[in-house]
1. Of the numbered conditions (1) at negative phi; (2) crowded, with 17+ Cβ neighbours inside 10 Å, ASN155 fails exactly one; give the number of that condition.
2. Which one is surrounded by the most Cβ atoms within 10 Å (Cβ to Cβ) among residues in region 233-250 that are near ligand 2 (Cβ under 10 Å from one of its atoms) and of a type in the set (A, V, I, L, M, F, W, C)?
3. Kindly indicate whether ALA169 is in a strand (DSSP E or B) and of a type in the set (A, V, I, L, M).
4. Please list, ordered by first then second residue, the pairs with beta carbon atoms under 6 Å, 6 or more apart or interchain, first in region 206-226 and free of Cβ contacts under 8 Å to residues at least 60 places away in the same chain and closer than 10 Å to GLY114 by Cβ, second surrounded by fewer than 21 Cβ atoms within 10 Å (Cβ to Cβ) and hydroxyl-bearing (Ser, Thr, Tyr).
5. Please give the strands (runs of 3 or more DSSP E) falling wholly within region 45-89 in which 1 or more residues are within 16 Å of ligand 2 (Cβ to nearest atom) and modelled with pLDDT of 95 or more.
6. Within region 232-259, which residues are in a loop (DSSP other than H, G, I, E, B), within 11 Å of ligand 1 (Cβ to nearest atom) and more than 15 Å from the chain's Cα centre (by Cα)?
7. Being of a type in the set (A, V, I, L, M, F, W, C) and touching a residue at least 60 places away in the same chain (Cβ under 8 Å) is the filter here, so list the residues in region 150-181 that pass it.
8. Would you be able to tell me the number of residues in region 260-272 that are assigned to a loop (DSSP other than H, G, I, E, B) and either within 15 Å of ligand 1 (Cβ to nearest atom) or touching a helix residue (DSSP H, G or I) at 6+ places or on another chain (Cβ under 8 Å) (or both)?
Amino acid sequence: MPLVAEAKVIKQEKIASGHYRLNLAATDIAEEARPGQFLHIRCGNTLDPLLRRPISIHAVDREKGEVVLFYRVAGKGTALLSKSKRGDTLSLLGPLGHGFSIPENLAQVSVVAGGIGIAPLYFLLQEMAMRGLSADVFLGAATEKQLFFCQEVKNFGHKVIPATDDGSAGYHGTVTGLFKKFLSNNDTQSSSVRHSDNARIYGCGPPAMLKQLSEIIKTAGIRGELSLEERMGCGVGACLSCACKIRSGESGVQYLRACVEGPVFPVGKVVWE
Ligand SMILES: Cc1cc2nc3c(=O)[nH]c(=O)nc-3n(C[C@H](O)[C@H](O)[C@H](O)COP(=O)(O)OP(=O)(O)OC[C@H]3O[C@@H](n4cnc5c(N)ncnc54)[C@H](O)[C@@H]3O)c2cc1C
Ligand code: FES
């Protein structure tokens, strides 16, 4: 059930140029939140921007009652958010949306993150670690400096396989190129597990990356889920500004709201234009 909370800023850290991590005191939201869900945030106390901005829940600390966000400054709202400091109050609405599913008997998990796409996937990886699961994490960025949280993800017990566009760290190329290579190298080794119900691929990143990843996952015949970052208005299902084209039945399509039925959708369901 979504909650409206006035949350105190515990701390805000600049992680890299234009990238911030924000800890907020929000006990009830931390308790309820599930990986893949997001918060709709009033970024400041002014009327401009008027609308809240959607930001994924990056991590929770249920003992401390804290919710953590990781975001990139994209425009007015996030620039304003980056000015908030310890002791300030922010209005939150959430947790919102339909997050990632984590079946009980998962045996093989791959996580593919492009750039800021690590934001919601980090919470998923935190949750998996708590359940004793380990994942292969394919982390892509423009340069080494933008490969965020490699060590923290390793500390959770996951394996990190990086890719950078400029070749400054890991595979030289896109994270989808790296992932495709990984799948073809491991094709026979574990195919029975991979094609079973116990394997999952989870992805988040820019639309072009998700479109490519979607093709790769479908071709490989593995189940996967993607988190889409549609533009949003109300965040609660009323304005329809976040409508996504989703396959329905054998050959039909329907429009579903990313803020309510998403932002996470099964790979095969998303219709890419
Ligand atoms: C469910 C969801 C979860 C998200 N989680 C995160 C997160 O964890 N961290 C993070 O950094 N960002 C996240 N985003 C994107 C974030 O909401 C936008 O960057 C933010 O709303 C931009 O607001 P602004 O006022 O700063 O910029 P605006 O002035 O509104 O826009 C600046 C630029 O960003 C583009 N933009 C705005 N919204 C989006 C969007 N949804 N997707 C792609 N481009 C957009 C605009 O087209 C414009 O070019 C998420 C979006 C959604 C829908
Ligand atoms: S943002 Fe208004 S319906 Fe989704």
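1. Here ASN155 meets the rest and fails (2).
2. Step one: filter region 233-250 for residues near ligand 2 (Cβ under 10 Å from one of its atoms), giving 233-244.
Right, trim to of a type in the set (A, V, I, L, M, F, W, C) and you get 234, 236, 238-240, 242-244.
Working: CYS234: 16, VAL236: 17, ALA238: 11, CYS239: 14, LEU240: 11, CYS242: 25, ALA243: 16, CYS244: 18.
Ranking the qualifying residues of region 233-250, first place goes to CYS242.
3. Values: in a strand (DSSP E or B): no; of a type in the set (A, V, I, L, M): yes.
Spelling it out, it is not the case that ALA169 is in a strand (DSSP E or B) and of a type in the set (A, V, I, L, M).
4. From region 206-226, no pairs qualify.
5. Numbers: elements: 53-56, 59-61, 66-72.
Counting at least 1 such residues, we get 53-56.
6. Passing the criteria: MET232, GLY233, GLY235, SER241, CYS242.
7. So the first thing to find is which residues in region 150-181 are of a type in the set (A, V, I, L, M, F, W, C), and the list is 150, 153, 156, 160-161, 163, 169, 175, 178-179.
Within region 150-181, VAL175, PHE179 meet the criteria.
8. Filtering region 260-272 down to residues assigned to a loop (DSSP other than H, G, I, E, B) leaves 260-262, 271-272.
So of that shortlist, the ones also either within 15 Å of ligand 1 (Cβ to nearest atom) or touching a helix residue (DSSP H, G or I) at 6+ places or on another chain (Cβ under 8 Å) (or both) come out as 260-262, 272.
Number of matching residues: 4.
The values are calculated or read from the model by the stated rules, or taken from the named source; none is laboratory data. Everything numeric here is computed off the predicted structure, so don't read it as measured data. For neighbour counting, all protein chains shown are included, and Cβ atoms are generated from backbone atoms with ideal geometry for every residue, glycine included.
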